[in-house]
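The values are calculated or read from the model by the stated rules, or taken from the named source; none is laboratory data. This is a predicted model, so every value here is computed, not measured. Here Cβ is always computed from backbone atoms with ideal geometry, including for glycine, and neighbour counts include all displayed protein chains. With ligands, DNA and RNA removed, areas are computed over all heavy atoms of the protein, side chains included. Shrake-Rupley method; radii C 1.70, N 1.55, O 1.52, S 1.80 Å.
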Amino acid sequence: MDMMRWISIYGSIVDDFGFDPEMDRLASRILSNFVGYPILPEANGNTAYVIGNGPEISEILPSLSPGYHIVADSAITAYAEILGCPDIIVTDLDGDLDAIFRCAAQGTKIVIHAHGDNMDRIVHNSSRMSRKMIGTTQNVPFRNIANFFGFTDGDRSVYIADHMGFKNIVLVSFDFRNVNRSKPGNHAMKAKKLKWAEALISMIAFERGTTLTCGDFIDI
């Protein structure tokens, strides 16, 4: 993935959802005041496990192999209860904020995403942020706000693992067909987001010379 291709994909996403790119830009400007420079850690080992919030997450996590763990926002509640704090949390501040910032205090790298719908959450939680945290946007990078590509927390986590240089990326508890209805919200929109997440992960899987198949553990 490169920026030119991503901007074309991003245009399709905003058209599909009716999002306003200017609001995404504004959100990134706001977030830039509270985070540091977007320097990701170096890959630690050959394999990154990217954990999503699939319906069977509580049953899957106990058998998860040790290694480098990147957790997508909404999965952190179950992950923290079972395994503690991961290496990275990728969040748009829509998940368990107490768990996220508690893990930050214990050394977890936090990657915070700015978009038009979470500016209030960014401002409200700004006092809990630090320069050790990384900010991202789905629009053009701004100052210290990066674009590692990706739309949802789950697929953005995969792109971050790829950016870090992991040879193997294993998706854990990703279900692109069924919305986790235990969490309130617009389930129709969530279903549409899952379709985009699957498409974007399929793109990077293809670039990495593999294919994407659904299951509890998916290796790309």
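What is the percent carbon and sulfur in the accessible area of the stretch 69-118, measuring with a 1.4 Å probe over the protein chains and ignoring ligands?
Within the stretch 69-118, the accessible surface is 38 percent carbon and sulfur.
Along the stretch 140-157, what does the Karplus equation 6.51 cos²θ - 1.76 cosθ + 1.60 (θ = phi - 60°) give for ³J(HN,Hα), rounded to whole Hz, x for Gly and Pro?
Listing the rounded values in order: 5, x, 9, 6, 9, 9, 9, 10, 8, 6, x, 10, 8, 4, x, 6, 5, 4 Hz.
Using alpha carbons only, what's the Rg to Rh ratio of the stretch 89-209 with Rh from Kirkwood?
Ratio value, two decimals: 0.95.
Quick one: Karplus J couplings for the stretch 66-76, per residue in order, coefficients 6.51, -1.76, 1.60, θ = phi - 60°, nearest Hz, x for Gly and Pro?
My calculation for the stretch 66-76 gives x, x, 8, 10, 10, 10, 7, 2, 5, 7, 5 Hz in order.
Keeping to pairs on different chains or 8 or more places apart, tell me how many lysine pairs in the chain have Cα atoms under 21 Å apart. Mind dumping the intermediate values first?
Values: LYS109/LYS132; LYS109/LYS167; LYS183/LYS192; LYS183/LYS193; LYS183/LYS195.
So the count of such lysine pairs works out to 5.
Most fluctuating residue of PHE174, PHE206, PHE166 in a GNM of the chain with Cα springs under 10 Å: which is it?
PHE206
Cut-off 10 angstrom, C-alpha nodes, Gaussian network model of the chain. Which of ASP175, ASP16, ASP87 fluctuates the most?
The residue with the greatest mean-square fluctuation here is ASP16.
Given the -39500 (n - 2.57) contribution per DSSP H run of 4+ residues, what per-residue ellipticity at 222 nm results for the chain, rounded to the nearest 500 deg cm²/dmol?
-11500 deg cm²/dmol
When the Karplus curve 6.51 cos²θ - 1.76 cosθ + 1.60 is applied with θ = phi - 60°, which whole-Hz ³J(HN,Hα) does each residue of the stretch 3-17 get, with x for Gly and Pro?
5, 4, 5, 4, 4, 5, 5, 4, x, 5, 5, 5, 5, 5, 9
On average, how much accessible surface per residue is there in the stretch 87-148, in Å², for a 1.4 Å probe, leaving out ligands, DNA and RNA?
I get 41 Å² per residue for the stretch 87-148.
Starting from the Cα-Cα distance between SER12 and GLU56, subtract it from 0.36 nm times their residue separation and give me the gain in nm to one decimal. Write out the running numbers ahead of the final one.
Values: separation 44, 0.36 × 44 = 15.84 nm, distance 3.11 nm.
12.7 nm is the gain from fully extending SER12 to GLU56.
Give the calculated FRET efficiency between SER126 and PHE206 to the nearest 0.05, with a Förster radius of 45 Å applied to their Cβ-Cβ distance.
0.75
Determine the per residue accessible area of the stretch 29-80 with all protein chains present and a 1.4 angstrom probe, expressed in square angstrom. Could you put the intermediate results ahead of the total?
Details: 2250 Å² over 52 residues.
Per residue, the stretch 29-80 has an accessible area of 43 Å².
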